[in-house]
Amino acid sequence: GLGFNIVGGTDQQYISNDSSIYVSRIKKDGAAYRDGRLQEGDKILAINGKDLKDLRHKDAVELFRNAGYYVSLKIQRRLQPQNGPMGHQGDGESGGLPLAAILVPGLALAATAVWILLRYRQRM
């Protein structure tokens, strides 16, 4: 297999009013785990150029099973964790970057830029 599980589909919506296919679990030492790019919670838009929109869950599973040796996935990364099974990870790993990891360096950079601008103006 490809080393991950999926949820979703028109008949098994994982998120209310959304029939998209999502990665629910990445299996340790599987192909997706070794590759390292796919993450739990990613929305899979297409596999090998085939759109996954409006498919039943079992039809999506069949596409993955018959994908072949070389697989191309078009995904959409989840930016914010949601409540529910994908928001919880049993191995203690974080589901993504905490907001502070983005805001603190950004604020530090902005403060430095303001300080440089003020120092530059004082010299003129």
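The values are calculated or read from the model by the stated rules, or taken from the named source; none is laboratory data. The structure presented is a predicted model; accordingly, all values stated were derived computationally and were not measured. Neighbour counts are summed over all protein chains in view; Cβ atoms, including those assigned to glycine, are modelled from backbone coordinates with ideal geometry. For accessibility, only protein heavy atoms count, side chains too; no ligands or nucleic acids. Shrake-Rupley method; radii C 1.70, N 1.55, O 1.52, S 1.80 Å.
Quick look at the values:
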quantity: Accessible-area order (highest first, 1.4 angstrom probe) of the listed residues TYR33, TYR69; calculated: TYR69, TYR33
quantity: Residues whose placed amide H lies under 5 Å from that of ILE21, excluding near-sequence neighbours; calculated: ILE44
quantity: Lys, Arg +1 and Asp, Glu -1 on Cβ, resulting dipole of the stretch 4-76 about Cα centre, debye, nearest 20; calculated: 220 debye
quantity: Charge sum, other residues only, whose C-beta stays under 12 Å from GLY9's C-beta, Lys/Arg counted +1 and Asp/Glu -1; calculated: -2
quantity: Area of PHE4 that stays accessible when all protein chains are in place (1.4 Å probe, Å², to 10); calculated: 30 Å²
quantity: Accessible area (Å², per residue) of the stretch 4-76, counting only protein heavy atoms and a probe of 1.4 Å; calculated: 64 Å²
quantity: Solvent-accessible area of ARG119 with every protein chain in place, 1.4 Å probe, in Å² to the nearest 10; calculated: 110 Å²
quantity: Local electrostatic count, ASP59, Cβ distance below 13 Å [Lys/Arg +1, Asp/Glu -1]; calculated: +1
quantity: Estimated distance in nm for a label pair at ILE15 and ASN48, the labels positioned 7 Å out from Cα along Cα-to-Cβ; calculated: 2.7 nm
quantity: Qualifying lysines (Cα of each under 18 Å from Cα of LYS74; at least 8 residues distant if same chain); calculated: LYS43, LYS50, LYS53
quantity: Other-chain or far-sequence residues with amide H under 5 Å of GLN12's (modelled H); calculated: HIS57
